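In what follows, a single structure is set out as structure tokens and then discussed.
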Amino acid sequence: MKKLIATILILLSLNSFGKITEVFDTRTQKSINFYNFIKNLPSSGHIILGEFHNITQIQFAQSKIIQEKIILEGTQKNFSIHWEFLNHTDQNKIDELYTKFKNDQISFEELIKNISNPNNQTYAPIFETLKKYSGELFGINIPRSIKQKVIKEGIDSIDQTLIPYHHYVGGNNYKKRFVDAMGGHAPADVIDKYFLAQCLTDSVMADQIYKNEFVNPLNFIIAGSFHTDYYDGTTTRLKSLSKQNIVTLKIINKSMHSQEDINSLKRSNDEYGLIADYIVITE
């Protein structure tokens, strides 16, 4: 009973945040209502929810999108969530603890503490939706320690079975955005090492999503939007592997952007093109 009350309080608290105020279709350059947005999302394939991590409003919006799409399609028990914050190398442990969570043997807090960073409490509504509709949960990343070894000692220093056969280092546009995101202060050789680890992460995540894409017809991918913006990073790698529908979202919160910035995100960038198929704006 205590666990149930705690969960209800969490969801009620989160429900006061995360209001989706606008969905913008970048292809038509028009705002659309939420129902049409959900209807337009593919009923099978991959829906990539590019996010800013640990932002309550954004994670609640992700949960709402997932839930409404599941309800509309009637795909209960026929969907998967692939999460950047979980390592595929821990999948057995993830399966064991997620089963306990679904069976109310452990709380969300206990689950997160044992499979991810315990500070990731903002993801509670996503996991409650996952539990309610009996979806599958997949880790798609590799441990930070592996990436740190790549940065310090090079990619040849790690277990080569962890490197997908299709791995490659991203192109000039992706690297330019990466350098800008890093602040442009680090030396070129340091940037190159970090960029290699970034691209390895993209390759691994795309590889794992692809390997698990037929477990269920509908797949939701939760990843930092830098990995998915402008159809680059993880998105472009997944597109090269999968023949299924792939739709990308860029989910933002009004408090983090000026109106000028939001207007800029909506338009096609002269250098990089469109940032995503849809921009979802929360407050």
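The values are calculated or read from the model by the stated rules, or taken from the named source; none is laboratory data. Keep in mind it's a predicted model, so treat the numbers as computed, not measured. Note that we place each Cβ from the backbone using ideal geometry, even for glycine, and neighbour counts take in every protein chain shown. Remember, those area values only see protein heavy atoms, side chains included, never the ligands or the DNA or RNA. Shrake-Rupley method; radii C 1.70, N 1.55, O 1.52, S 1.80 Å.
Could you list the residues of the stretch 240-258 with an amide nitrogen less than 16 Å from a label point located 7 Å from the Cα of Arg27 in the Cα-to-C-beta direction?
It comes to 244-250, nothing else.
For the stretch 79-187, what mean projected area does the convex hull of the alpha carbons give, in nm²?
Values: hull surface 36.3 nm².
Across all orientations, the stretch 79-187 yields a mean hull projection of 9.1 nm².
Between Asn117 and Glu271, what is the label-to-label distance in nm when each label sits 7 Å out along the Cα-to-Cβ direction?
Going from the Asn117 label point to the Glu271 one covers 2.8 nm.
On the accessible surface of the chain, probed at 1.4 Å, how many percent belong to carbon and sulfur atoms? Before the final figure, lay out each step's value.
On the way: 6590 of 13330 Å².
In the chain, the share of accessible area belonging to carbon and sulfur is 49 percent.
Tell me, what is the 1.4 Å probe accessible area of Val190, in Å² to the nearest 10?
The accessible area comes out at roughly 50 Å².
Could you give me D for the stretch 108-255, from Stokes-Einstein at 20 °C and 1.002 mPa s, where the hydrodynamic radius is the Kirkwood radius over C-alpha pairs? Units µm² s⁻¹, please. Mind dumping the intermediate values first?
Values: Rh = 17.0 Å.
The calculation lands on 126 µm²/s.
Can you list the lysines whose alpha carbon sits under 20 Å from that of Lys19, skipping same-chain ones fewer than 8 residues off?
Lys30, Lys39, Lys64, Lys69, Lys250, Lys254, Lys266
How high is the FRET efficiency from Ala188 to Lys152, r the C-beta distance, R0 22 Å, rounded to 0.05? Don't skip to the end; give the middle numbers.
Working: r = 17 Å, r/R0 = 0.77.
Here the calculated transfer efficiency is 0.85.
Expressed as a whole number of Å, what is the distance separating the alpha-carbon centroids of the stretch 200-247 and the stretch 71-119?
With the stretch 71-119 and the stretch 200-247 each reduced to a Cα centre, they are spaced 19 Å.
Which helices, counted as full DSSP H runs in the chain, have an axial Cα extent of no less than 18 Å and a Kyte-Doolittle average of -1.0 or above? Provide the component values of the computation, followed by the final result.
Details: long enough: 2-15 (19 Å, 1.54); 56-73 (26 Å, 0.03); 188-211 (34 Å, 0.20).
Span-like helices, by this rule, are 2-15, 56-73, 188-211.
Mind ranking Leu72, Leu41 by accessible surface for me, highest first, 1.4 Å probe?
Numbers: Leu72 70, Leu41 5 Å².
Largest accessible area first, the list is Leu72, Leu41.
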